[in-house]
1. Just checking, which of R126, R175, R148 is in the same structural domain as N271 (by TED's automatic domain parsing), basic (K, R) and open to solvent by 10 Å² or more (accessible area, probe 1.4 Å)?
2. Just for strands (runs of 3 or more DSSP E) wholly inside region 205-283: which have at least 1 residues that are open to solvent by 60 Å² or more (accessible area, probe 1.4 Å), within 15 Å of the ligand (Cβ to nearest atom) and within 24 Å of E170 (Cα to Cα)?
3. Return yes or no: is Y300 within 23 Å of M140 (Cα to Cα) and modelled with pLDDT of 95 or more?
4. Specify the residue that is most open to solvent (accessible area, probe 1.4 Å); the eligible residues are those in region 306-321 that are of a type in the set (S, T, N, Q) and not in a loop (DSSP other than H, G, I, E, B).
5. Just to be sure I understand, how many residues within region 83-100 are open to solvent by 30 Å² or more (accessible area, probe 1.4 Å) and within 28 Å of L330 (Cβ to Cβ)?
6. How many of the residues in region 180-201 are within 13 Å of the ligand (Cβ to nearest atom), open to solvent by 10 Å² or more (accessible area, probe 1.4 Å) and either in contact with a Cys (Cβ under 8 Å, 6 or more places away or on another chain) or not in a loop (DSSP other than H, G, I, E, B) (or both)?
7. For N301, which of the numbered conditions (1) among the polar types (S, T, N, Q); (2) open to solvent by 70 Å² or more (accessible area, probe 1.4 Å); (3) over 25 Å from N65 (Cβ atoms) fails to hold?
8. Within region 352-362, restricting attention to residues that are in a helix (DSSP H, G or I) and surrounded by fewer than 24 Cβ atoms within 10 Å (Cβ to Cβ), which residue is nearest to the chain's Cα centre (by Cα)?
Amino acid sequence: MNNPLNRRTFLTQLSAAAIATGLSSIPFISSSKSVNPQKKLGIALVGLGYYSTGILMPALEKTENVKLVGLVTGTPEKAKKYGEKYNIPKENIYNYQNFDEIAKNPSIDVIYIVLPNSMHKEFVIRAAKAGKQVICEKPMALNAAECREMIGACQKAGVSLSIGYRLHYEPYTQRIMQMAKEKPYGDIFMVHASAGWRMGRPTEQWKAKSKLGGGAIMDMGPYPLQAARYSTGMEPIAVTAQMFNSDPKVFDGVDETTTFQLEFPGNIFANCSTTFAANVNFLTINAQKGDYGLNPFSGYNGIHGFLPNGEKFDFPEMNQQAAQMDEMCLAILEKRPCKTPGEEGLRDMIIIDAIRESVRKGGIRIVL
Ligand code: NAD
């Protein structure tokens, strides 16, 4: 089998690398272009919706360490359309029923789960059992308990698990992370972050249904939550939250809008929100010498940075998803942890669980 990954040694080497570097001290800025991989890994996308077909497939035309070689879909028309468009061999196209046979396919090294959130756990575990390296979209799962099961399944199978936090792989976010460490404008006092979009026809969208893992906190909520964590470089110690739903028949058992407040050590606070009711996207960090941040902060492109005294900063446009998949696959090839492993998804889900608990208990403060 022409596979650079020996599953038996992967886990041992991954653990050794994690111990040697410490997951939290992995450098923020890295370049996937500095290494010439032995071969491009083969990736299969599971779920051919908007993000897979509109964003990841075009990004995979730009990647250096990975190429699209497989598809998993429940819709035969999509199998035909995208199979033809990207020259995918018929034997590399699976549906949700025969998916487990992918274990016998040596040309597929990595499986990327891009399904509704309620399906992430099942397919991550099935991919791990098939012996494949796994990437899973955000939010990692429905709750922290599911995340722990997924991490356990990947550890047991000796495969890696990476979460699709694309912003960790783009320069604006990396600059904000660096500022959290270097504090060029003095101590950080407060973070304000909001990400939302105005949802058209919510009755037709799984993102508005609780059964499929919908809700604003699940969809865009991870962005302000992540921003609060990486802008301060700290983990929150307590959370308070409020949820709003203008029409429970339309937003079926989910939050249309969530606001939450995070407390960090040293009296640092984050005021965050996410919504399906408005197009909103900004990150502002209040520091001793003024405000800096990104506006917008979580777009696929078009991000802009600002500094105290009105200065601006910008980087050349790049493809976030290509950088993300290249760096994740380089980490796999080099048998080291990537920047956004399953544990990073778990940290967010622990906080999202606490956000829900706060709301359930009438908006009380939950200590993390
Ligand atoms: P989508 O609705 O466009 O695609 C979902 C796919 O899952 C569709 O192909 C659909 O046919 C398939 N599917 C299988 N079973 C289904 C079921 N029971 N109900 C509904 N669809 C079913 O959604 P999307 O926007 O592509 O989101 C997919 C995942 O990607 C989600 O986890 C989402 O959070 C994530 N996402 C991430 C980003 C990012 O920037 N990282 C952006 C968009 C979406």
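1. Residue meeting the stated conditions: R175.
2. none
3. Answer is yes for this residue.
4. N309
5. Counting residues in region 83-100 that are open to solvent by 30 Å² or more (accessible area, probe 1.4 Å) and within 28 Å of L330 (Cβ to Cβ) gives 7.
6. Total meeting the criteria: 0.
7. (3)
8. Step by step, filter region 352-362, then rank; the result is D353.
The values are calculated or read from the model by the stated rules, or taken from the named source; none is laboratory data. Here the structure is a predicted model, which is why all the values come from computation and not from measurement. FYI the Cβ positions are ideal-geometry reconstructions off the backbone, even for glycines, and counts take in every protein chain you see. For the accessible areas, the whole protein counts, side chains as well, though only heavy atoms, and no ligand, DNA or RNA atoms are used. Shrake-Rupley method; radii C 1.70, N 1.55, O 1.52, S 1.80 Å.
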